[in-house]
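The values are calculated or read from the model by the stated rules, or taken from the named source; none is laboratory data. Remember, it's a predicted structure, so these values are computed and weren't measured experimentally. Virtual Cβ from ideal backbone geometry, glycine too; neighbours counted across all protein chains shown. Areas reflect the complete protein model, heavy atoms only, side chains present, ligands, DNA and RNA absent. Shrake-Rupley method; radii C 1.70, N 1.55, O 1.52, S 1.80 Å.
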Amino acid sequence: EGADGQASHDVLVAYWLHCRIADGPLVGKSLEATGLERISGVHAAKVLRGSPESLREGDEVHLWCEPSGVIQLRQEAGLSLACDEELWLLGARRRQRLPYEVVV
């Protein structure tokens, strides 16, 4: 219950973020040694394509994270969104567009 005596309904908003290992400091490390799961807002990480014992450029990683974790991961050297190439195709004005989240 909250301070006002009402039931508390906290909801965790989290996303699976599909990323690729890029050339950089994560290459050659194990998934555990990268520390990605210790970043604030990141709850889990798993390797989809590649080996969790030794990451290589191009390996695909899924990260379960809150919005704050997404922000932190976007700044992580050697990690890129799997859809980065598609985002660049949207052009320079992509930041002025309004994103929508849809559940079907």
DSSP-loop GluC sites (Glu not before Pro) across segment 15-104, with at most 15 other Cβ within 10 angstrom: GLU53, GLU57, GLU101
Note, ³J(HN,Hα) from phi for segment 62-76, Karplus 6.51, -1.76, 1.60, rounded to Hz, x at Gly and Pro: 9, 10, 8, 8, 7, x, 5, x, 4, 4, 5, 5, 5, 9, 6
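Averaged per residue, what accessible area in Å² does segment 18-70 show with a 1.4 Å probe, protein chains only? Spell out each step's value before the answer.
Numbers: 2780 Å² over 53 residues.
Heavy-atom SASA per residue in segment 18-70 reads 53 Å².
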Cα gyration tensor shape for segment 11-104, rounded if a/c is under 1.5, else prolate or oblate: oblate
